[in-house]
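Working notes for the structure below.
The values are calculated or read from the model by the stated rules, or taken from the named source; none is laboratory data. Keep in mind it's a predicted model, so treat the numbers as computed, not measured. When we count neighbours, we look across all protein chains shown, and the Cβ atoms used for this are built from the backbone with ideal geometry, even at glycine.
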Amino acid sequence: MRKIWLVKKADKARLDRLVKELNISPIIAHLLINRSISDPGEAYNFLDCSLASLHDPFMMKGMRKAVDRIKRAVSKGERILVYGDYDVDGITSVALLVSVLTRLGGNASEYIPNRLEEGYGLNLDACQLAHRKKINLLISVDCGINAKREVDFLNSRGIDVIVVDHHELQADSLPNAHAIINPLQDGCGYPFKHLAGVGLAFKLAQSILGSSIEEAKDLLDLVALGTVADVVPQVGENRVLTRHGLDVITNTKRIGLKELIKVSGLTGKDISSGHVGYILGPRINASGRIGSPKKASRLLLTDNIDEAKELAQVLDCENKNRRAIESKILKEAVEKVKVEVNFKEHKVIVISAENWHPGVIGIVASRLVDKFYRPTAVISAGKSMGRGSARSISDFNLFEAISKCKSYLSEFGGHEAACGFSIDKKDIVKFKESFNKVATETLKPEHLLPKLKADMDIPLNMLSEELICQIARLAPHGPKNPSPVFVSRQIRLKKPPRLIGRKGVKFWVTDGKITCEAIAFGVSDIFLDTLKNEGIDLAYSPTMNAYRGLRSIQLNLEDLKASEDAL
């Protein structure tokens, strides 16, 4: 599907001010402004990315009450259960809090529900088990904000509950927990509202320890893992925690994480957000998708080298199995879309099947969004109930849309880009009609065209190692802080393209003054045909490539067009 190229323009007065006051290049100033950073002080903090810029965790509503209750539980030897979600954010949140409570001498254990058997969030069976095991305090992390019934049950059995959750609040009242830590709740004055679940767990841990941020720095490897994998905005505190957390991962002392890095082929490399998002994160996630998530939490908590090696190998194998299952379901889903969805009438994709593994439908939904560019819900339907996972496009708030369809759902939760839900099988058709109606009222034709947002036009010969090193100061990248994308026009092919891997291609390009290697993956026949034009326009992220001790500029292509067709 052809993309519309949107090249941003920066206000010259703001750009000149940043250049003058921060002594930075106009290109870096332009990139900052494109990320809504035009105040010199804010820009300085963004580039400095210091741990000292983090806010006091006690600014968060409910923090003091939560810390006092936890400290009382630790001092009295009460049984504490840390209950988390089965994704990377939830697993790292559980591992982080359990490790801190254990460090302080607390009697802490972990519980992560099985996706296939229990579903998302707090459930009554697990709550009953907590009662039988004489738990005194349950801390839910990365879930629980909408678990009113379950919290009431725990309260009735004398179990206090602390909810630590970053997900959106539903319209009705909050659960009656002893304390709630969620910056989205009314009356919370915490300045940064977009922490991942593990970011909130870290804030709680830091408050319990009563230590400076530097003394809690060893926990940041877990924070970076969960923050990147949960695809939250890489701005503000998320970016600070991730930047420093990636350094901690690279030099981690956590035995299990070391072994996971080894089986992933990353030993000796500086770990980046890309390594977390595409290599480490999926291996941790795989246990929660198709196996037992406790394997991943144990990997992150163990201090036994033999156990760490075994668990790392298990997660690596489960990830390979997950990929095979995902590939099969994706192929079936694409065929189902072609048969069932009329894109002239349907603004969304809603498909279901009984044999689809519920552990991978979220990934499949994301792949369908990439292919068809429509808000998408994929449902694994059982005999009577189904589990759904939905993903969105830009300009469409998925949580708000699904909230308007909640009369057809047994339960749901999530945020503007991704949601999960349970649904009675007989209501799937009605949900599909309702969801499509909401989308039709919200989405305009231009919203359904994929867009490539580029930062600026730049002559190819302006690229240099020095500039690319300056651009690296904007990392780590993610939502709200994407990798910079430049457009260079009227570029010529220097050598014929060379195919690499599966649907990958390398080739050399020139503007007559500089020659660079370009690389792209997932290319189509249209892509290869475009390369045959005399002049091509490239949209790319520039990086430095090191090969046999030699460093050279490499263009990671996002898209290309024949020059005469470029917008």
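When A177 is tested against (1) touching a Leu at 6+ places or on another chain (Cβ under 7 Å); (2) buried (at least 24 other Cβ atoms within 10 Å of the Cβ), just one condition goes unmet, and that condition is (1). For segment 471-499, taking the residues that are of a type in the set (A, V, I, L, M) and touching an Asp or Glu at 6+ places or on another chain (Cβ under 6 Å), the one that is farthest from L538 (Cα to Cα) is identified as V485. Given the structure, is A177 touching a helix residue (DSSP H, G or I) at 6+ places or on another chain (Cβ under 7 Å), under 23 Å from G414 (Cα atoms), part of a helix (DSSP H, G or I) and not acidic (D, E)? Here the answer is no, as A177 does not meet what is asked.
Filter segment 435-464 down to residues that are surrounded by fewer than 12 Cβ atoms within 10 Å (Cβ to Cβ) and out of contact with any strand residue (DSSP E or B) (no Cβ under 9 Å at 6 or more places or on another chain) and give me whichever is nearest to T510 (Cα to Cα). Of everything passing the filter in segment 435-464, P445 is nearest to T510 (Cα to Cα).
Note on segment 458-490: residues that are among the hydroxyl-bearing types (S, T, Y) and part of a loop (DSSP other than H, G, I, E, B) amount to 2. Beta carbons closer than 7 Å, at least 6 apart along the sequence or on distinct chains, pair a first residue in segment 418-440 that is closer than 28 Å to L122 by Cα with a second that is modelled with pLDDT under 95 and acidic (D, E) for F421/E411; S422/E411. Residues of segment 440-457 that are of a type in the set (V, I, T) and either assigned to a strand (DSSP E or B) or modelled with pLDDT under 95 (or both): T442 alone. Here S366 fulfils each of the conditions (1) more than 24 Å from E558 (Cα to Cα); (2) surrounded by fewer than 22 Cβ atoms within 10 Å (Cβ to Cβ) apart from (1).
Just to be sure before I move on: is D455 in contact with a Lys or Arg (Cβ under 7 Å, 6 or more places away or on another chain) and acidic (D, E) in the structure I sent? Spelling it out, D455 is indeed in contact with a Lys or Arg (Cβ under 7 Å, 6 or more places away or on another chain) and acidic (D, E).
How many of the residues making up segment 200-216 are among the acidic types (D, E) and either under 26 Å from the mean Cα position of the chain (by Cα) or outside the structural domain of L104 (by TED's automatic domain parsing) (or both)? Result for segment 200-216: 1. Looking across segment 391-439, the residues that are of a type in the set (D, E, K, R) and in a loop (DSSP other than H, G, I, E, B) come down to D395, K404, E416. Go through L195, L184 for me and flag whichever is over 18 Å from L280 (Cα atoms), in contact with a Lys or Arg (Cβ under 9 Å, 6 or more places away or on another chain) and surrounded by fewer than 19 Cβ atoms within 10 Å (Cβ to Cβ). Going through L195, L184 in turn, just one is over 18 Å from L280 (Cα atoms), in contact with a Lys or Arg (Cβ under 9 Å, 6 or more places away or on another chain) and surrounded by fewer than 19 Cβ atoms within 10 Å (Cβ to Cβ): L184. With respect to the conditions (1) under 26 Å from V369 (Cβ atoms); (2) crowded, with 17+ Cβ neighbours inside 10 Å; (3) within 27 Å of the chain's Cα centre (by Cα); (4) not aliphatic (A, V, I, L, M), T530 lacks only one, and its number is (3).
Applying the condition of being closer than 21 Å to H194 by Cα and of a type in the set (D, E) to segment 384-418 and asking which residue is surrounded by the most Cβ atoms within 10 Å (Cβ to Cβ) yields E416. You will find that of E433, E411, E446, the residue that is acidic (D, E) and within 20 Å of E168 (Cβ to Cβ) is E411 and no other. Residue-level analysis places A108 among those that are over 23 Å from G245 (Cα atoms), buried (at least 23 other Cβ atoms within 10 Å of the Cβ) and touching a residue at least 12 places away in the same chain (Cβ under 8 Å).
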